[in-house]
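What follows is a single structure, written as structure tokens, with notes after it.
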Amino acid sequence: MRAIKKLSIRTQVLAIGAILLAVIPLVGIMAFRQSSEVIVDQNTQYNMELVSNLKQRVSDNYAKISAVMVNMGYDATVQDFLAENDDYRTYELSKKVNSLMGVIKSTTPDIIDIIIVNASGKHSTLTGKITIAQRMMANMKDRDVDVHYGGFIQNDPSLGRDMFLFGMNLFASRDTYRYGEKIGFIAVVLDAKSIQSEIEKFPRLAGTSIYLRTNGELAYANEGGSVLHLDQERLALYSDYGESAIVEKINGKSYAIQSFALPEINGNIVSAVPIGKLVQELDGLKRTSYIMLLITLALVTIPYFILMMNILKPLGKLIAFMKRLKSGNLEVLHTKVELEGYAEIEVISTQFNTMLNRINDLTQQLLETTGELYQADIERQRAEMSFLQSQIKPHFLSNTLDAIKGIAIVKGNREIYEMTAALSRMLRYSIKGTNEVTLEEELKIVAAYITIHQGRFPGRIQFEQYHVPELQDILIPKMIIQPLVENALTHGLEPHENGGKIVIQSELREDRYVEITVTDNGVGIDPERLARLRDTLRSTDRAANQHIGMKNVNDRIRLHYGEDYGIEINSWFGSGTVIRIRLPYVPA
């Protein structure tokens, strides 16, 4: 409502007229569309119920075929036939197996053929379709025990009909030395009419096209589907649409497309219902909407022109004057706007002129105040510049250290030179702007830090490092190794009577993460303190224990790379400490 009030009267009048012009046809269109959607939804639900029955039929057939294959494949006679090596005995058993097949076929008319093949290639079949079973056997794994769908066979030349193929490996189930061994294969050929006839039974709207696909191939199309003649590319696209109807344009006509999965035969049913047939009785609603539109246009036009003459014209004059003000022409403040019209319009004119006078006065005050603020801001900037010029920059300290290095060389004091050079490197490294550095750069600073301590404690601290060359250029967060080395020196080696050794290693693990270890042979950590330290590292409270450098390093790593990375610590009281840093492999 507030947004509407901000609009101009002209805009509001135009909007009201446009709304009136649009409401009635919009209502008609919405009613037509809603009716169309209801009809399409009802047809969609109807198709879903019909296909649900078909899917149940396919599932029942699949279950029946599976039961036939399991019962027959593990029948004692069939098991003997599969395991028998003697040719004569195999021949005798094959006749019994054929008799059993005949009984099953007579009870299940949809079965065209049953094929049983033993491990040596001997087979028994009703119609001699051994080649299709052999092709399916070649594509199945030896230890696969499930019933599998073998595909659709279109218009077999010898039988002159469409067929579905199912197959399953057979394993020895008799109590012999071959128990559990694969001894053969069984395949069942099912007449495709068992499913196609079910589709033909469905009552549906005239012109509806039904397609049955399996393994990406068209297995059946009804009369409507033959007329519509969708190619394989479109059928493959429509197969992904799902059970909710999606409207598509086909040959200039709209169709509601649905797809229903048939997982038992690795296929689906695609239905295309012509929407024109569904909504052809709603055309009368369109004609009514057009008539109402013409009537509304006539009713709105006359009042609109009356409002334009009596209200909008003086308001238009006021708006034009305001635009001149908006352009920045301050001379307009010294003029007045003259409006003629109703009493309300004249009140607006008087109040607006009073406002112009007030604005003119305030503008003068604003100019004076702005000048004073500008002068104050200049003084503040001068004070800040003086403060910045008084600060000592880190580069000055670095240059001073370089001067000390030069003096140490001239005086021949090698120890002072090396310690000063190491400190200078650390200072420059600490003020380096980037947050990530290479492993090689980080290790140089660690070496510089240890050099300083070796100068403080001559002969007490040893340092070794071993690194994989390919890790020298990986990127890591800056200053994550030095704090750990500092802990090792301060808490591990300095309290030790004879000092000790620090060893740093880096390795690339098999699962492509980098492990950096810092090992010392110092005094170690007692178990109670070690437990507290591990709890601190696991803690997600980053505000606590900020004085612990190891905790800070661990939090930085986890924040940067995630919870799978960080620090692990192991220590043996009196023997030393090992700290492992786990990082992702990030080449430079």
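Brief remarks follow.
- Listed by Cβ neighbour count within 10 Å, with the fewest neighbours leading, PHE457, PHE321, PHE152 appear as PHE457, PHE321, PHE152.
- Fully extending the segment from SER106 to LEU26 would add 22.4 nm, taking 0.36 nm per residue of separation and subtracting the current Cα-Cα distance.
- Share antiparallel - DSSP beta bridges, segment 462-584, percent rounded to 5: 80 percent
- In range of the label at GLU243: residues from segment 45-59 whose backbone nitrogen is under 13 Å from the point 7 Å along Cα→Cβ: 45-56
- Residue order for SER239, SER120, SER271, fewest other beta carbons within 10 angstrom first, comes to SER120, SER239, SER271.
- Label-point gap, in nm, between TYR585 and GLU37 - each point 7 angstrom along Cα→Cβ: 5.4 nm
- Inter-label distance for THR350 and ASP86, nm, one decimal - labels placed 7 Å from Cα along Cα-to-Cβ: 13.0 nm
- Alpha-carbon geometry of segment 427-543: the Rg and the Dmax are 15.5, 41 Å, given in that order.
- Stretched out straight at 0.36 nm per residue, the stretch from MET48 to ARG324 would grow longer than its current Cα-Cα span by 92.7 nm.
- Remark: for residue pairs LYS193/LYS253; LYS55/LYS277; LYS64/LYS277, the C-alpha separation exceeds 28 Å in LYS193/LYS253; LYS64/LYS277.
- Using a Förster distance of 35 Å, the FRET efficiency for ALA119-SER66 (Cβ separation, nearest 0.05): 0.95
Each reported figure results from applying straightforward, stated rules to the coordinates on display, with no laboratory input. Fair warning: this is a prediction, and the values are worked out from it, not measured in the lab. Note that we place each Cβ from the backbone using ideal geometry, even for glycine, and neighbour counts take in every protein chain shown.
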